[in-house]
Amino acid sequence: NGWTERDAGLLVSTEMAVMAWSGLAGLLWLNRLSWKTVSVVAIGLLLGGNVASIFTYQSSEALLISRVFAGAGAGTLTALAYASLARSERPHRNYGLYSMSQMGMAMIFLTVLPVLLTGRSTEEAGITGSLLNWLGIPLGLGMSAFYITMAALGTIALLLSLIWFPQRPTTVDTVIARRSSINSWILPGTMLVAIVVLMMSQQSFWTYSERIGVNAGLNRSSVGSVLALGALAGFIGAGAATLIGNKISRPAVILMIFAVHIVSLASFLLTLNIYLFALGILLHKFSWNFTIPYQLGMLAEIEKTGKAAVLSTVVTSFGISAGAGFAALVVGDFGYKGVIFGSMSLAVIYAGLMLFVHAHMSRPASYTSSPAR
């Protein structure tokens, strides 16, 4: 539709910023409102924003407004998910399962959506296009295919939320209430800064990962297939974090994942072919989705009330927004290599912050209020 890469990056940045602000509102309703009521309202915003996007995506101003509503719903739902998982009995495991479910969905839609968006013939679309044709689903729908898919998922989410949703714990741990001083938030605050830096590092690259492949002359359908395969690597990464938990020395784990992340980015500085592109994406998604549940499990050990978990959704969205915005600004002057070097620099800072937190961690008193399972 004539959008520049800068325009697209700033649109993503805006939606992520709205997600962050709506997640911040979770601190107000977390212990006051029914979680089920919050979920229904948030899904309504998400669903409405995506339905509106189907009809407005050709107008930049109208699409921006639609994405603001969708972002508000998404941010609220994410805060709700993170808070309930932080209060669960086994947050390390449950955050890992949460990430694995996200990657499962990504594997499906990163395979299907590129074909729905751009595939004009069975020959161009490959096996995925043949399957969609057999199912009677039209190809080459453009951006409307994305928003139709999101609206369909929102409808399913609305139906599920009406059937079942975890109840908000109603008791408060008095030991935790006494630990609400400024000093008790130094480590959680450092972890939140680390999360921002990680999201900036990951998203600055991810915003243009597809474009990097296409710019290198790779087939668009092949690029989409690699991105879907990357979701499988992310699924494995989240599963590995779930299995490892605290069983292996934390500094060793942090440094190992940092090394994988750097190697993944370095591969995109070389002359790309489909195999090198695939290797970089697989390692990138593995490291990213290993780190997310792992760091959230650390955060749940440090701060048990769920407030830091809610704030983590806010800083995650800000980090993603900042990462997309950073990449959008850098790509014009320094190209894709500038984006990659910037992502590497942020990864170095992230690893340092994580090691600092580990060095100063002590196990807090256990959380004894009624957990959500």
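The Stokes-Einstein estimate for segment 240-336, based on a Kirkwood radius over Cα pairs and taken at 25 °C with 0.890 mPa s viscosity, is a diffusion coefficient of 158 µm²/s. Taken as entire DSSP H runs, the helices of the chain that both span 20 Å or more between Cα atoms along their own long axis and average -1.0 or more on the Kyte-Doolittle scale are 5-24, 35-56, 60-86, 91-118, 144-163, 186-206, 220-244, 250-266, 274-302, 307-360. Loop-located trypsin sites (Lys or Arg not before Pro) in segment 221-325 (DSSP state not H, G, I, E or B) with no more than 13 neighbouring Cβ atoms inside 10 Å: K247. Basic side chains Lys and Arg get +1 at the Cβ, acidic Asp and Glu get -1 at the Cβ, and with that the dipole of the chain about its Cα centre reaches some 1100 debye. For the chain, the number of Lys pairs with C-alpha atoms closer than 27 Å, counting only pairs eight or more positions apart or on separate chains, is 6. Averaged per residue, segment 221-299 has 36 square angstrom of accessible surface, using a 1.4 angstrom probe with ligands and nucleic acids left out.
Just check segment 200-274 against the gyration tensor rule for me: Cα atoms, a ≥ b ≥ c as the square roots of the eigenvalues, rounded for a/c under 1.5, and otherwise prolate or oblate depending on whether a/b exceeds b/c. Taking the square roots of the gyration eigenvalues as a ≥ b ≥ c, segment 200-274 is prolate. Using C-alpha pairs under 8 Å with a sequence gap of at least 6, the mean separation divided by the residue count of the chain gives a relative contact order of 30 percent. Ranking T155, F277, G9 by how far each Cα lies toward the positive end of the dipole of the chain (charges on Cβ) leaves T155 at the top. The convex hull built on the alpha-carbon positions of the chain has an orientation-averaged projected area of 18.1 nm². Look at the alpha carbon pairs under 8 Å that are at least 6 residues apart: their mean separation over the length of segment 1-98 gives a relative contact order of 36 percent.
The values are calculated or read from the model by the stated rules, or taken from the named source; none is laboratory data. In this text, all values refer to a predicted model and were calculated from it rather than measured experimentally. Glycine also receives a Cβ, built like all others from the backbone with ideal geometry; neighbour counts cover every protein chain displayed. Calculation scope for accessible area: heavy atoms of the full protein, side chains included, ligands and nucleic acids excluded. Shrake-Rupley method; radii C 1.70, N 1.55, O 1.52, S 1.80 Å.
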